[in-house]
Amino acid sequence: MGEQLGLLKVTVVKGRKLVIRDFKTSDPYVVVKLGNQTAKTKFINSCLNPVWNEELSFSLKEPIGVLSLEVFDKDHFKADDKMGHAHLNLQPLASAARLKQFAKVSSAETILRKIVPDTDNCLARESSISCMNGEVVQSVWLRLCSVKSGEIELKIKLIDPPAASSK
């Protein structure tokens, strides 16, 4: 595998206007994937606007991949129903982290880059990548694909890897 770029902490904050998959509601949970790494949130009973606030951790390595997520409705007696999916290209976040190191950005909050919705992501609206307290962070609202409605809010933080020992 490639060079270790850092620890990626993905907080699945909340969902909004998720689709109904049960009689009048859904029991949603989110599965987040980065390469061969997978993590998921707990499910929330009977809610179309769930709040998870769960932090999931991934190792970010070269080549930089795409963060993908799928939302499911938890069912007890049959297979869980799909409630949409989304993806986010992590290259802009990694580029901003390199810029932070190169520019030696101070601990004050500094916007490093703005990302607009396009085909490389499922952004519902513009997103900023900032340096806050020495960490590169991005807050995003992702629009779910393959469904009538639904958005998921994520807060993503890239933490630098420990300094490598000299060879």
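Since every read-out is calculated from the coordinates, none of them should be taken as a lab result. Computed from a predicted model, the values in this text were never measured in an experiment. Here the Cβ positions follow ideal geometry from the backbone for every residue, glycine too, while neighbour counts run over all protein chains shown.
Some observations on this one:
- Pairwise Cα distances in the chain exceed 29 Å for 23 percent of all pairs.
- Gain in span if fully extended, ASN53 to GLU3, counting 0.36 nm per residue against the direct Cα distance: 15.0 nm
- Near ASP73: Cβ cut-off under 10 Å, other residues only, Lys/Arg at +1 and Asp/Glu at -1. The net charge is -2.
- Full-stretch length increase - GLN91, THR110 - with 0.36 nm per residue and alpha-carbon distance subtracted: 5.0 nm
- Simple point charges give the picture: +1 on the Cβ of Lys and Arg, -1 on the Cβ of Asp and Glu, and for segment 7-64 a dipole about the Cα centre of about 160 debye.
- Environment charge at ASN53 (Cβ cut-off 13 Å; Lys +1, Arg +1, Asp -1, Glu -1): +1
- Largest mean-square fluctuation among ASP27, ASP120, ASP73, in a Gaussian network model of the chain whose springs join Cα atoms under 10 Å apart, belongs to ASP120.
- Gained length - VAL147 relative to ASN36, 0.36 nm times residue gap less alpha-carbon distance: 37.4 nm
- Residues of segment 15-36 falling in the label zone of ALA79, defined by backbone nitrogen less than 17 Å from a point 7 Å along Cα to beta-carbon, are 21-22, 31.
- Cross-link pairs LYS74/LYS114; LYS17/LYS100; LYS82/LYS157; LYS42/LYS100; LYS9/LYS82 - those with Cα-Cα distance over 32 Å: LYS74/LYS114; LYS17/LYS100; LYS42/LYS100
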